[in-house]
Structures are given as structure tokens and as C-alpha cells.
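Q: Quick one: this structure, given as C-alpha cells, is what I'll be asking you about.
The values are calculated or read from the model by the stated rules, or taken from the named source; none is laboratory data. All figures in this text were calculated on a predicted structure; none of them were measured in a lab. Here the Cβ positions follow ideal geometry from the backbone for every residue, glycine too, while neighbour counts run over all protein chains shown. Each accessible area value is taken on the protein alone, full model and side chains, heavy atoms only, with ligands, DNA and RNA left out. Shrake-Rupley method; radii C 1.70, N 1.55, O 1.52, S 1.80 Å.
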Amino acid sequence: MSAPTLISEHGCFGGVQRFYKHDSSEIRGPMKFSVYLPPQARTGKVPVLYFLSGLTCTEENFPVKSHAQQVAAELGLMLISPDTSPREPRVPGDAENWDFGYSAGFYVDATAAPWSQYYRMYSYVTRELPQIVAAHLPSQADATGIFGHSMGGHGALVCALRNPDRYKSVSAFAPIAAPMQCPWGKKAFTNYLGTDTQSWREYDASELVARRAFPGPILIDQGAADPFLVEQLMPEKFSAAAGKSGQVLNVRMQAGYDHGYYFIQTFVADHLRHHAQQLKMS
């Protein structure tokens with residue numbers, strides 16, 4: 001495993017915001033990710049929190065728009081945000097739709113051609129990237145959490161529910177909570193995974209949580225003024241499924257908030273504190 005290449009570094013709240021690129025074995029091409037190192041990382045290993053971004057986003061959206069670094073510095077959390085999908089080699093037709101393909105990897109390992117050759121974001125997020133982080137950054141590997149927004153909220157819930165030994169904490173902003181039942185999810189899963197809907201269940205957080213609860217509490221914030229709430233996000237489906245397994249869950253409907261980063265900025269400190277509490281208990 002070769003070391004990632006540092007693209008840029010910026011002082012931020014006593015720590016540093018960095019951007020890296022590397023050659024990915026899972027994606028079979030170059031990938032980028034961002035890292036916020038809190039000041040505590042200068043003297044020892046710190047808990048690490050992964051943020052998965054949503055449709056149309058890159059590794060830059062969260063560090064630039066979330067305003068999360070100040071509280072991360074106070075809490076001593078490393079923040080990692082990967083790109084949302086492969087960028088090259090390009091796949092024919094990958095940019096024809098904003099909600100599928102380029103910038104819309106959906107955090108699955110594609111099994112249908114031509115996507116299966118490069119679109120392996122689930123394995124990239126859960127295996128390859130943590131290996132790189134552990135090898136080259138001062139991360140406390142046994143204190144790892146994950147959260148995300150929209151498509152990335154879906155990804156975070158799925159990654160945590162499938163890997164409770166790897167992630168000690170999980171939360172989400174406006175996640176695509178029942179992708180098998182919404183247009184975005186059906187479109188992505190049909191193209192990435194094929195028409196056998198049984199295989200889709202492993203990437204649907206509502207299906208997963210109904211079977212087995214995550215060991216810790218799950219926090220979800222959802223804007224009540226989100227234009228995608230009813231048709232695409234369906235947090236009520238996840239809540240109902242969580243009831244079947246006894247999952248400890250806090251879904252907060254936030255009046256007046258939509259789907260964007262002003263919403264995330266408002267509540268990101270709550271999420272960081274949620275994770276810090278779980279990670280420092282582990």
C-alpha cells in the first residue's frame with residue numbers, strides 16, 4: 001500500500017485541514033479524501049470519524065461547508081471525508097444523470113456491468129480507506145465512528161449496521177433511509193446491483209436494522225422542510241424497522257430546515273458530541 005499524496009494543508013482551529021489523493025486498489029483508479037487533524041493529533045492517536053457526503057458531492061463539501069472543525073478540535077476528533085464515487089477511469093454514460101453514476105456511487109459494491117469494474121465504494125469506505133488512515137495518520141483504530149448526509153447518510157447507516165465491530169458510533173443527516181422503496185434507491189440499485197432485489201437488502205438500512213440492532217444509539221436529524229422528505233428519504237420507514245429489533249434511536253424532526261448544508265451546520269456539533277461520547281466510552 002503506497003502512501004497517499006498530500007495535495008494541500010491549511011491551518012484550522014489549532015489543527016490542520018488536509019486533502020489527499022492516492023491510487024485505489026478497490027476503485028482501480030485515483031481517489032481523493034479530506035482529513036481534519038485536531039491539535040490533539042500532534043501528540044498522540046485520536047478517535048476517527050468518517051463523514052460520507054451526498055449526491056453531486058466530493059471530498060471537499062463537508063470540510064468546506066459543514067463548519068465542523070472547531071468542535072472537532074475541542075473534542076479531539078479526526079474527521080475523514082472521502083469522495084463519493086470513482087472519477088476515473090470514466091464509464092460510458094456515467095454523467096448522463098445527476099443522481100446516478102458520476103458523483104453518485106451510493107456506497108455499494110456494484111455487481112452489474114459496466115459499473116462493477118470500478119464502483120466499489122462500500123469496500124473502499126469500510127476496508128481500503130481505513131487501512132490507509134491507520135497506516136499513515138494518527139488514528140485510534142478501535143475508536144472509529146461514521147456519519148453522513150442524504151446518500152451518505154444511507155451509506156453511513158449501512159456501513160455501521162453491517163460492521164458493528166468496526167464502527168463504535170453512527171449518525172446521519174437526512175439519510176435515504178429506505179432506498180429499496182424510493183426512486184433514487186431503485187434507480188441506483190437496479191443499475192449497480194441488477195434486478196435481483198434480494199441482493200438490494202444488504203444495502204438498505206431499514207432492512208438491516210429490522211434484522212439486527214446496532215449496539216449503540218443512532219442519531220438522525222431530518223429537516224421538516226426538506227423537499228425530498230416524503231418521496232426519497234422516508235425516515236418513518238427506518239423508525240418502524242428499528243422498532244422490530246429494539247434499536248435505540250433518536251430521530252429529530254427539525255422544523256424549518258431543508259436538505260442543505262445550513263441544516264448540517266446547525267446540528268453538526270450535536271453529532272460530533274454524540275460520536276465523541278460513544279468513541280471515548282469504547
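Q: One residue is enough: does the range 176-194 have a residue meeting the conditions farther than 18 Å from ILE80 by Cα and modelled with pLDDT under 95?
A: no
Q: Here is a further query. Say we look at the range 258-279 and pick out the residues that are open to solvent by 70 Å² or more (accessible area, probe 1.4 Å) and out of contact with any Leu (no Cβ under 9 Å at 6 or more places or on another chain); which of these is farthest from ILE176 (Cα to Cα)?
A: GLN277
Q: Within the set of pairs 6+ apart or on separate chains, which have a first residue in the range 98-109 that is hydroxyl-bearing (Ser, Thr, Tyr), a second that is assigned to a strand (DSSP E or B), and C-beta atoms under 8 Å apart?
A: TYR107/LEU52
Q: Does at least one position in the range 77-84 carry a residue that is crowded, with 16+ Cβ neighbours inside 10 Å, closer than 27 Å to GLN265 by Cα, within 15 Å of the chain's Cα centre (by Cα) and of a type in the set (D, E, K, R)?
A: Initial filter on the range 77-84 (crowded, with 16+ Cβ neighbours inside 10 Å): 77-84.
Now drop any that are not closer than 27 Å to GLN265 by Cα, which leaves 77-84.
Still in the running and within 15 Å of the chain's Cα centre (by Cα): 78-84.
Next, from what is left, pick out any that are of a type in the set (D, E, K, R): 83.
Taking every residue of the range 77-84 in turn, at least one turns out to be crowded, with 16+ Cβ neighbours inside 10 Å, closer than 27 Å to GLN265 by Cα, within 15 Å of the chain's Cα centre (by Cα) and of a type in the set (D, E, K, R).
Q: Is it the case that some residue within the range 235-247 is part of a loop (DSSP other than H, G, I, E, B), under 21 Å from LEU208 (Cβ atoms) and open to solvent by 60 Å² or more (accessible area, probe 1.4 Å)?
A: Kept after step one, since they are part of a loop (DSSP other than H, G, I, E, B), are these residues of the range 235-247: 246-247.
Imposing the further condition that a residue be under 21 Å from LEU208 (Cβ atoms) reduces the set to 246-247.
Cutting the leftovers down to open to solvent by 60 Å² or more (accessible area, probe 1.4 Å) gives us none.
No; the residues of the range 235-247 include none that is part of a loop (DSSP other than H, G, I, E, B), under 21 Å from LEU208 (Cβ atoms) and open to solvent by 60 Å² or more (accessible area, probe 1.4 Å).
Q: Among what's in the range 30-72 and is farther than 30 Å from PHE100 by Cβ and in a helix (DSSP H, G or I), pick the residue that is least open to solvent (accessible area, probe 1.4 Å).
A: ALA72
Q: Could you tell me which numbered condition GLY243 fails, if it satisfies all but one of (1) among the small types (Gly, Ala, Ser); (2) farther than 26 Å from THR144 by Cα; (3) without any contact (Cβ under 8 Å) to a residue 12 or more places away in the chain?
A: Going through the list (1) among the small types (Gly, Ala, Ser); (2) farther than 26 Å from THR144 by Cα; (3) without any contact (Cβ under 8 Å) to a residue 12 or more places away in the chain, GLY243 breaks only (2).
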